[in-house]
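The values are calculated or read from the model by the stated rules, or taken from the named source; none is laboratory data. Model, not experiment: these values are computed from the prediction. Virtual Cβ from ideal backbone geometry, glycine too; neighbours counted across all protein chains shown.
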């Protein structure tokens with residue numbers, strides 16, 4: 001009887017462990033339900049979270065200031081090229097910092113999906 005009980009408990013333990021996710025200290029996450037194709041209304045803050053099943057995943061967003069650089073120091077292709085109304089070429093080198101607004105992460109996800117917000121910056125952590 002003990003072997004039968006441990007076999008019954010094993011799938012439950014695997015299901016629970018597959019539904020746990022850690023969101024880092026300087027990150028925020030959105031709980032994405034793959035079955036319903038919906039995102040939870042509230043973002044996840046740092047800590048360990050139970051998502052509700054293995055069909056959920058978390059899209060992680062940075063909570064810190066981010067740098068965006070358009071400069072020839074990195075690569076000549078990173079410069080912004082444009083022309084004036086007279087047809088003269090203008091090359092811009094721009095650097096700026098931004099921070100995502102936590103209360104607007106769901107809207108960001110709705111607009112761009114799990115892979116749309118600069119693939120390098122947003123990391124999807126999937127538990128399939």
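Within the bounds of segment 76-99, is there any residue that is surrounded by 13 or more Cβ atoms within 10 Å (Cβ to Cβ), part of a strand (DSSP E or B) and touching a residue at least 12 places away in the same chain (Cβ under 8 Å)? No. Scanning segment 34-49 for residues that are part of a strand (DSSP E or B), farther than 21 Å from residue 64 by Cβ and without any contact (Cβ under 8 Å) to a residue 60 or more places away in the chain gives a single hit, 38.
Listed here are the residues, each with its yes/no results for (1) modelled with pLDDT of 80 or more; (2) within 17 Å of residue 26 (Cβ to Cβ).
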position	(1), (2)
37	yes, no
49	yes, yes
58	yes, yes
68	yes, no
88	yes, no
101	yes, yes
127	no, no
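Considering segment 18-33, the residues that are free of Cβ contacts under 8 Å to residues at least 40 places away in the same chain and not in a strand (DSSP E or B) include one that is nearest to residue 103 (Cα to Cα), namely 26. Quick check: is even one residue across segment 109-122 over 30 Å from residue 34 (Cα atoms), at pLDDT below 90 and either more than 14 Å from the chain's Cα centre (by Cα) or not in a helix (DSSP H, G or I) (or both)? No, segment 109-122 has no match at all.
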